[in-house]
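What follows is a short report on a single structure.
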Amino acid sequence: MKHDNYVIDDMISAKAIAARVESMAADISLHFEGTEKLVVIGLLRGSFMFIADLVRELSLPVEVDFLETSSYGDSMESSREVRILKDLRGEIKNRDILVVEDIVDTGHTLNHVLQLLESRQPARMMVCALLDKPSRREVDVKADLVGFEIEDRFVVGYGIDYAQRNRNLPYIGAVRFTD
């Protein structure tokens, strides 16, 4: 797909994403088997497609809540300053929670969110991320379950944006600038 000053190269197909989401949901369902209700916490905005597909595949009773953070703005680089723009509506103390992240890059956002959530004393917590870029990690943080490990490329699609564009692509693509 071509835009004014960049091209999006196909990277991970919609079919591959769907298969991996189904597999991850099976692992999550097994991990939290017997839970009264799993609180699935999506990190907005990039995770919205992933969380929608993931919860449809879970064989558990679920409640969905969202946190919105900001560390990128319209930039391709993290500012490393994480701000909470929207907090959870519900209580998570003594509850099982699944944190759903679109991509773990430098690790600053996920680390900040995990510290915040741990301070609220959940019973059990698991983190799943659609994408992981371990080569960019600046903070020692890991997702318990990763969909795809990718190289250091700026990606869009399947909910992930570049300056609020390309979230609607059904696949993950790598941005390549043409200027």
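Observations
- Summing Cβ point charges (Lys, Arg +1; Asp, Glu -1) relative to the Cα centre of the chain gives a dipole of roughly 240 debye.
- In the chain, the longest principal axis of the Cα atoms and the axis of helix 108-118 are about 10 degrees apart.
- Annotation for segment 112-179: GluC sites (Glu not before Pro) lying in DSSP loop with at most 13 further Cβ atoms inside 10 Å of their Cβ are Glu138, Glu151.
- The distance between label points at Ser59 and Ala26 comes to 1.0 nm (points 7 Å beyond Cα on the Cα→Cβ vector).
- Entry note, the chain: relative contact order of 26 percent, from Cα contacts under 8 Å with a spacing of 6+ residues.
- Crossing angle, helix 14-31 versus the chain [Cα axis fit, 0-90 degrees, rounded to tens]: 20 degrees
- For Lys142, a cut-off of 17 angstrom between C-alpha atoms picks up these lysines, skipping any fewer than 8 places away in its own chain: Lys133.
- Extension gain, Ala163 back to Ala18 (0.36 nm per residue minus Cα-Cα distance, nm): 49.7 nm
- Proxy reagent accessibility, fewest Cβ within 10 Å first, across Thr35, Thr178, Thr109: Thr178, Thr35, Thr109
- Ratio of the Cα radius of gyration of segment 30-138 to 2.2 N^0.38 Å, where N counts its residues: 1.05
- Peptides 161-170, 44-53, 81-90, 17-26 ranked from most to least packed by the mean count of surrounding Cβ atoms within 10 Å: 44-53, 17-26, 161-170, 81-90.
- On Cα atoms only, tilt of 48-57 relative to the major axis of the chain in degrees: 50 degrees
No lab work stands behind these numbers, since they all come straight from the coordinates. Predicted, not measured: the structure shown is a model, and the values here were computed from it. Heads up, the Cβs are rebuilt from the backbone with ideal geometry, glycines too, and the neighbour counts pull from every protein chain shown.
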